[in-house]
1. State all residues of the range 93-110 that are within 17 Å of ASP40 (Cα to Cα) and exposed (fewer than 14 other Cβ atoms within 10 Å of the Cβ); if no residue qualifies, say none.
2. Taking ASP98 as the residue in question, decide whether it is within 18 Å of ILE147 (Cβ to Cβ) and of a type in the set (D, E, K, R).
3. Any chance the range 51-64 includes a residue that's under 19 Å from ASN33 (Cβ atoms), modelled with pLDDT of 95 or more and in contact with a helix residue (DSSP H, G or I) (Cβ under 8 Å, 6 or more places away or on another chain)?
4. Between residues in the range 82-105 that are free of Cβ contacts under 8 Å to residues at least 12 places away in the same chain and over 15 Å from GLN65 (Cα atoms) and residues that are of a type outside the set (Asp, Glu) and surrounded by 12 or more Cβ atoms within 10 Å (Cβ to Cβ), which pairs lie under 7 Å by C-beta distance while being six or more apart or on different chains?
5. Only one of (1) among the β-branched types (Val, Ile, Thr); (2) more than 25 Å from LEU142 (Cα to Cα); (3) buried (at least 17 other Cβ atoms within 10 Å of the Cβ) fails for VAL121. Which number is that?
Amino acid sequence: MEEQSQVFSYIEPEENSGYLLWQVTMQWQLSMNRALGKMDLTLTQFSLMAGLYWLSKKQTVTQQQLADYANTDKMMTSKVLMVLEKKEIVERIKDPGDSRAKQLIITDKGTQTLREAYHIVQQVDELFFKTVIKDKVIFDDLLKRLIK
């Protein structure tokens, strides 16, 4: 292949950190979705439930605050919350201070579902990350630096 027709600055995609991160992320998400699917949940549903749980410990939570916290699209968050509401996992009520906003409450059923789902997530994580567990502190630190 001629030098000038080269598209990428590397020979193999595995030389690119973004490609590697994407591959790892796709594998992890697939593992999570397969395992959580047994509870009729998706990783996105679990993540929003978990985010709501953590935020609710500190404050009343709106859909917008949850979307911001989870770094998710506002419309997608709304659609996922509608599904969770139908499953009686989350309640959405009008915010008394803002008629356009919805406050979110995780139900007792939602808390129990989250607890059960978390056990599944722990098992998947343990299996998925077992090859890097000895470097967990470094690995987690690198991920946190990327998030910032």
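The values are calculated or read from the model by the stated rules, or taken from the named source; none is laboratory data. Quantities reported herein were computed from a predicted structural model and do not represent experimental measurements. When we count neighbours, we look across all protein chains shown, and the Cβ atoms used for this are built from the backbone with ideal geometry, even at glycine.
1. Within the range 93-110, just LYS109 meets the criteria.
2. On the way: within 18 Å of ILE147 (Cβ to Cβ): no; of a type in the set (D, E, K, R): yes.
It is false that ASP98 is within 18 Å of ILE147 (Cβ to Cβ) and of a type in the set (D, E, K, R).
3. Going through the range 51-64, the residues under 19 Å from ASN33 (Cβ atoms) turn out to be 51.
Next, from what is left, pick out any that are modelled with pLDDT of 95 or more: 51.
Next, only the ones that are in contact with a helix residue (DSSP H, G or I) (Cβ under 8 Å, 6 or more places away or on another chain) stay: 51.
Checked the range 51-64: at least one residue is under 19 Å from ASN33 (Cβ atoms), modelled with pLDDT of 95 or more and in contact with a helix residue (DSSP H, G or I) (Cβ under 8 Å, 6 or more places away or on another chain).
4. From the range 82-105, the pairs are GLU85/ARG92.
5. For VAL121, the exception is condition (2).
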